[in-house]
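Derivation of every value follows stated rules applied to the coordinates shown; laboratory data play no part. Please read all numbers here as calculations on a predicted model, not as lab measurements.
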Amino acid sequence: MTPTLVQVLAAAIFGIALIHTFSTKFFERLAHRHPSHEGIFHLLG
């Protein structure tokens, strides 16, 4: 059984969300280290 396009997209979005969840602390640290780019790092975190 081959996965459909919707299943592949859903799995990719889930994977990105999972990575984002575990990388928030990294982005928060970057925001404090680099005040000139603080806004974008807080947005990502």
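The long axis of helix 5-33 is offset from the longest Cα principal axis of the chain by roughly 10 degrees.
When the alpha carbon gyration tensor of the chain is reduced to an equivalent ellipsoid, its three semi-axes come out at 32, 9, 5 angstrom, largest first. Remark on Gly45: its backbone amide H falls under 5 Å from none of the residues 5 or more positions apart or on other chains, H modelled at 1.01 Å from N.
Rounded to whole numbers, the Karplus 3J(HN,Hα) couplings from phi for the range 34-44 are 10, x, 5, 10, 4, x, 5, 5, 5, 5, 5 Hz, using 6.51 cos²θ - 1.76 cosθ + 1.60 with θ = phi - 60°, and x at Gly and Pro.
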